[in-house]
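The values are calculated or read from the model by the stated rules, or taken from the named source; none is laboratory data. The structure displayed is predicted, hence computed values, not measured ones. Here the Cβ positions follow ideal geometry from the backbone for every residue, glycine too, while neighbour counts run over all protein chains shown. SASA here: full protein model, heavy atoms, side chains in, ligands and nucleic acids out. Shrake-Rupley method; radii C 1.70, N 1.55, O 1.52, S 1.80 Å.
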Amino acid sequence: MAKRLVIGNWKMNPETFEAAKAVARKTRAISAKLCNTDVVVCPPFPFIAACVSRSQPPAFHIGAQTVSLEEGGAHTGEVSAKTLQSLNVEFVIAGHSEARAAGDTDETVSRKIGRIVEAGMIAVVCVGEKTRDENGSHLDFLKKQIRKTFAGISPDKTKRVILAYEPIWAIGAKEAMAPEQVYEMSLFVKKVFADIFGHEAGHKVRVLYGGSVNFRNAGDIIKVGRVDGLLVGRESVNMPGFKELIRAVDAIG
Ligand code: PEP
């Protein structure tokens, strides 16, 4: 069975260089003991290089929280996919709801996926509805969002795509989505992906869940929700919570 994936999205945390190095060091130490799980940390850009170590365990990987949709050149404040790749970044988040709220559209997310994959990295593409209702309009929303986000992507690129289903109402919330619902929604997301790219791509694409995952609920979300991994915000910079979370996932076997 493929290893599970736990991705920590640090957002703007921690505030200082020293604290970031400490979180990376602790996460690396836990990763050295894992059998069934790969761990990715996505620090703020200025901390990325300091989180890479020469003696990195094979289960520890570096990610980034976003990337420029431009290939390079005169774009003040932007960071290109090639730059990230040169820093040993292997995974890049695209279309996080916070980035979408700040201006990313399905079209720009699609272009970012292209840049990430062309630079040889893996795109962790976030999708998710803002609200849910009895009529199932969130399913229509999600279907449209996935279709538009992948509109410009050729089928050969899907090998380097991971879907992160993150219902926006569950991000930064008190409670995660119920694991049974996670299972239903991950199947739905895979079905929509299969309708676009074919049965095999739909079968192979890894689906993560994100939204208020912590060390208490992580095991059930994986076991009952049957997702391939987790995208974790707050808990990823909270030690020892993240350590316990990773242990709980790895113990599932
Ligand atoms: C996120 O922002 O991707 C996220 C899942 O955050 P949290 O775990 O804090 O809800």
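Residues Asp104, Asp220, Asp140, Asp195: which one is more than 18 Å from the chain's Cα centre (by Cα), modelled with pLDDT of 95 or more and within 16 Å of the ligand (Cβ to nearest atom)?
Residue meeting the stated conditions: Asp220.
Would the stretch 86-102 turn up any residue that is within 23 Å of Pro155 (Cα to Cα) and among the polar types (S, T, N, Q)?
No: the stretch 86-102 contains no residue that is within 23 Å of Pro155 (Cα to Cα) and among the polar types (S, T, N, Q).
Does Lys243 satisfy the criteria of being outside any helix (DSSP H, G or I), within 16 Å of the ligand (Cβ to nearest atom), within 30 Å of Phe17 (Cα to Cα) and open to solvent by 10 Å² or more (accessible area, probe 1.4 Å)?
When the stated conditions are applied, Lys243 does not pass them.
Looking at the stretch 200-207, is at least one residue within 24 Å of Gly63 (Cα to Cα), out of contact with any Cys (no Cβ under 6 Å at 6 or more places or on another chain) and either within 13 Å of the ligand (Cβ to nearest atom) or in a loop (DSSP other than H, G, I, E, B) (or both)?
Among the residues of the stretch 200-207, at least one is within 24 Å of Gly63 (Cα to Cα), out of contact with any Cys (no Cβ under 6 Å at 6 or more places or on another chain) and either within 13 Å of the ligand (Cβ to nearest atom) or in a loop (DSSP other than H, G, I, E, B) (or both), which makes the answer yes.
So in the stretch 157-192, with the set limited to residues that are in a loop (DSSP other than H, G, I, E, B) and surrounded by fewer than 22 Cβ atoms within 10 Å (Cβ to Cβ), which one is farthest from the ligand (Cβ to nearest atom)?
Here the residue is Ala178.
Given (1) in contact with a helix residue (DSSP H, G or I) (Cβ under 9 Å, 6 or more places away or on another chain); (2) within 11 Å of the ligand (Cβ to nearest atom); (3) open to solvent by 40 Å² or more (accessible area, probe 1.4 Å), where does Val213 come up short, assuming only one miss?
Condition (3) is where Val213 drops out.
Let me confirm something: among Asp250, Asp156, which residue is out of contact with any Gly (no Cβ under 9 Å at 6 or more places or on another chain) and without any contact (Cβ under 8 Å) to a residue 12 or more places away in the chain?
Criteria check complete, one pass: Asp156.
Inspect all residues belonging to the stretch 144-152 and state whether any of them is in contact with a strand residue (DSSP E or B) (Cβ under 7 Å, 6 or more places away or on another chain), over 23 Å from Glu70 (Cβ atoms) and of a type in the set (D, E, K, R).
Taking every residue of the stretch 144-152 in turn, none turns out to be in contact with a strand residue (DSSP E or B) (Cβ under 7 Å, 6 or more places away or on another chain), over 23 Å from Glu70 (Cβ atoms) and of a type in the set (D, E, K, R).
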